[in-house]
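Report on the following structure.
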Amino acid sequence: MGKKTVGVKKRLARACKQNRRAPVWVTVRTKRSVFGSPKRRHWRRTKLKP
């Protein structure tokens, strides 16, 4: 059980914010051509770079 350094914590927070779906208005505006977000990441399948 180690401590998280500030840099690691900031990187994890940024990754957490990026891991969201595309807004609904984007889907509506592009007539569903943009459906998902390319930056979506599953916590178990794809890991972050260290």
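What the phi angles of the stretch 29-42 give under the Karplus curve with 6.51, -1.76 and 1.60, with θ = phi - 60°, is a coupling list of 5, 9, 6, 6, 6, 9, 10, x, 9, x, 9, 5, 9, 8 Hz, glycine and proline written as x. Computed from phi, the 3J(HN,Hα) profile of the stretch 14-26 under the Karplus parametrisation 6.51, -1.76, 1.60 (θ = phi - 60°) reads 5, 5, 5, 5, 6, 8, 10, 6, 5, x, 5, 5, 5 Hz, with x in place of Gly and Pro. With Cα atoms as the point set, the radius of gyration and Dmax of the chain evaluate to 14.7, 48 Å. Under 5 Å from the amide H of residue 22 lie the amide H atoms of 37, each residue being 5 or more positions distant or on a separate chain, with H modelled from the backbone and absent for Pro and chain starts.
Where a number appears in this text, it was derived from the coordinates with a stated rule and is not lab data. Source: prediction; values computed, not measured.
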